[in-house]
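Report on the structure given below.
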Amino acid sequence: MGISATRTVMLSYGLSGMVAALAGILVSPITTVGPTMASALVLKAFSVAVVAGLESGFGVVIVGVFLGALESIASYQLGSGWREAPGLVLLILALAVRPTGVFGKAVIRKV
Amino acid sequence: MWKRLLLIRGAELLMFALLAAVPLTVHNAYVLGLLTLLAIYGILLIGLDVSVGYLGQVNLAQAAFLGLGAYTAGLCVERLGCGMLLAALAALAVGVILGALLALPALRLEGPQFALATLSFTALTVLTLNELEWLTGGAQGLSITRPPLFGHPLDPRQFYWLCMALLALVWLAMRNLLASQWGRAFEALRDSPIATDAMGVGTYRHKVAGFALGSGLGGLAGALYAFNFQYLQPQTFVYELTVILLLGVVLGGRKSLWGAFVGASLVALLPNLLSNKLLFETISGLGLALALFAGVRGLLRKTIRPFQAIAPILATGLLVGGGLAVRNTEDWRKAIFALMLFSVVVGLPEGLMGFAAKFLSQLFRIPQAPLPAPSPLDEVLPARPEATGGPLLELRDLKRHFGGVKAVDGISMTVRAGQIHGLIGPNGSGKSTLVNVISGLYTPTSGQVLLHGAPLPQGSLFKTARAGVARTFQNLQLFSGLTALENVMVALRDNYRRSRSLPLVLLGLGRPEEKRAQADALALLEFVGLADQARTPARDLTYGAQRFLEIARATARRPEVLILDEPAAGLAHPDLLRQMEIIKKVHSRGVTILLIEHHMDVVSGLCDAVTVLDGGRIIAEGTPTEVKRQPKVIEAYLGEVEAGPAAPAGAES
């Protein structure tokens, strides 16, 4: 259709990199910065994206806020070690109930 | 035949005999420890290969099952005073049970979602082991004394033999399993879950069983791990180990016991690989040599693209060069894993053993085991008694809406026993949706389907198939990695009793039935004229042959009703005639057929009755000649055909 697929993909990667950098700017004052800081965050970010549904920008925000609140409550109630546990359980369950994400569209199988 | 047995079984025997003999000649505690670890990782990776290789899923939970098994065994010994056998069995059971529990939700997922679910499980496991301090000792770790086996304490040499014996047992059991209906079902559901369900082989239950089995082996390996190291820490079983295990399976070669074994030696050697500079140089040098060999060979034979040849050479070259330049290789471990994984995934997608197997089978010309003579057709597809012509399959006011689109909008029709009933209509008239509703792929919005007056299960391909309705697919859904013979064998599964029971198959008692299944499947291939291509992988068959194979596979279900979804779509004229002959032959065995078709001449030539759809509703019914005369039909359907007789019949999907 006259649109360079390679360029579009490059642009979208560039955009996601930009948003990630923005998140980095925002997160740096509240945590320690180091080359390995991403690994903990990546799992969380990916979880949020998948639970919310990969196509839903609005859903990501809602689920992200929800997960943050859940972690704080868990660490207060159960002790800081358990902080991530409810989120992880919820992640597995949410995926099982709605594989395409809470805000994602249901996919119709075709043959 | 003998050559084949000698080479394949002989190699296995030789390897285990050599491994068992090592402690008799080498009295080095360090080497013994390494070999023990090799046996343990072997069991672990064979388990992981079930989900990664056979089910085709990225499983990131195997390290967690290793940890869970290790802690279960450790706690059984320390808190309950169990012996070795009981503790190992407990670990195995915990692996199976937790594996099944994780699989029930997780295996409804595919691809990245599944990987994420298993990754979460690993994180959750480590977290729990860490936090349950009163039970596991938390981050302090758990010390275990190696328990006696049947009252006899084991020295390291005896323990090594025990681990090797267990690896050999697991090896045997898995070989039995993978060469059985189960192994084929695993491969089938990876290629096409929809068709697997439609052949009456439950996709979901097979996945869960396979995953639970693999996790159980993880648990067993965990028990041995605990007895071996006698000290456990939650941090051992984190994400990083999972990635290394995955690297082991992919590097060794998926879907291969030998591959898992080679992968295990890599995983066991890895810590040494990183601390011992000479070893690292040797291995990365060997890797570079292999990459050069495979790359140049592939380029000369033009079997691979230049990128595939050059990228692994560059990556392994970087490993060699980096190894020379960097002082402490441990600091670069992640980069090293990444480079290794990259070069294998690009250069040897089938892994080391996959590559070696191809190479060796060319070198030795290992002949394939001969096929048995085909069974008599009357045994495989018994002719049904003369049909009464009474109603067999009835649709009652069937509807299926997608949002506002009324794809099927109130269809009532009757398919009579022993007839070939045609279902025709222009593109988008709802034929395919109707078939998908009847066969259980879609749940109807409302309405009923009756078989012999009793309602058919709704919304489950698997249950509908079990009820006696088989189908083919318009856009072929063959198990492309399996041979033509194996495609049919998957669908034959219900005819054999032992092959269905997992324990019996693991013990190797399913083998006599396996021969019969081959004979039966061969009879059906002969029935559609594909007997001489029994060994050809389905993906390498010609398009026409693939269409014939779809029908052979569906008839293996011995269906009462066979639904053929555009069986002639895209066929050239000679193949079209052959296909019509096959349909007639299936019909002559007393199978009632519902034929969805585009070609009017196929319908006129075959059908006893025809139903014409347009816009999700029935616009005409009757014999082909009657229907053709109706003005509504001519307007909606035949007009289109007359305008372009060569209209691409496969255009609708």
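The values are calculated or read from the model by the stated rules, or taken from the named source; none is laboratory data. As the structure is a computational prediction, the values presented were derived from the model and not from experiment. All Cβ positions, even for glycine, are placed from backbone atoms using ideal geometry, and neighbour counts span all protein chains on display. These accessible areas exclude ligands, DNA and RNA; they are computed on the full protein's heavy atoms, side chains included. Shrake-Rupley method; radii C 1.70, N 1.55, O 1.52, S 1.80 Å.
What about B:GLU394, is it at pLDDT 80 or above, out of contact with any Lys or Arg (no Cβ under 8 Å at 6 or more places or on another chain) and assigned to a strand (DSSP E or B)?
Yes: the conditions hold for B:GLU394.
Just to be sure before I move on: is B:LEU423 surrounded by 22 or more Cβ atoms within 10 Å (Cβ to Cβ) and within 13 Å of chain A (Cβ to nearest Cβ) in the structure I sent?
Here the answer is no, as B:LEU423 does not meet what is asked.
For region B:98-132, which positions are more than 9 Å from every other protein chain (Cβ to nearest Cβ), free of Cβ contacts under 8 Å to residues at least 60 places away in the same chain and in a helix (DSSP H, G or I)?
Of everything in region B:98-132, those that are more than 9 Å from every other protein chain (Cβ to nearest Cβ), free of Cβ contacts under 8 Å to residues at least 60 places away in the same chain and in a helix (DSSP H, G or I) turn out to be B:LEU101, B:GLY111, B:ALA115.
Kindly provide the set of residues from region B:471-511 that are more than 14 Å from chain A (Cβ to nearest Cβ) and among the aromatic types (Phe, Trp, Tyr), ordered by number.
Within region B:471-511, B:PHE479, B:TYR496 qualify.
In region B:238-249, is there at least one residue being in contact with a Leu (Cβ under 6 Å, 6 or more places away or on another chain) and open to solvent by 10 Å² or more (accessible area, probe 1.4 Å)?
Taking every residue of region B:238-249 in turn, none turns out to be in contact with a Leu (Cβ under 6 Å, 6 or more places away or on another chain) and open to solvent by 10 Å² or more (accessible area, probe 1.4 Å).
Can you tell me which of B:VAL94, B:VAL52, B:VAL126, B:VAL77 is of a type in the set (Val, Ile, Thr) and open to solvent by 30 Å² or more (accessible area, probe 1.4 Å)?
B:VAL94
Go through region B:253-288 and report how many residues are under 21 Å from B:VAL326 (Cα atoms) and of a type in the set (A, V, I, L, M, F, W, C).
Residues that pass the stated criteria total 10.
Is there a residue in region B:366-383 that is charged (D, E, K, R) and in contact with a Leu (Cβ under 6 Å, 6 or more places away or on another chain)?
no
For region B:139-159, does any single residue satisfy the condition of being within 14 Å of chain A (Cβ to nearest Cβ) and either of a type in the set (S, T, N, Q) or surrounded by fewer than 20 Cβ atoms within 10 Å (Cβ to Cβ) (or both)?
Within region B:139-159 (the criterion being within 14 Å of chain A (Cβ to nearest Cβ) and either of a type in the set (S, T, N, Q) or surrounded by fewer than 20 Cβ atoms within 10 Å (Cβ to Cβ) (or both)), the answer is yes, since at least one residue qualifies.
Looking at (1) of a type outside the set (Lys, Arg); (2) surrounded by fewer than 22 Cβ atoms within 10 Å (Cβ to Cβ); (3) modelled with pLDDT under 90, which is the one condition that is false for B:GLY200?
If we test B:GLY200 against (1) of a type outside the set (Lys, Arg); (2) surrounded by fewer than 22 Cβ atoms within 10 Å (Cβ to Cβ); (3) modelled with pLDDT under 90, just (2) comes out false.
Counting just the residues of region B:598-626 that are under 39 Å from the mean Cα position of the chain (by Cα) and on the phi > 0 side of the Ramachandran plot, which one comes out least open to solvent (accessible area, probe 1.4 Å)?
Ranking the candidates gives B:GLY616 first.
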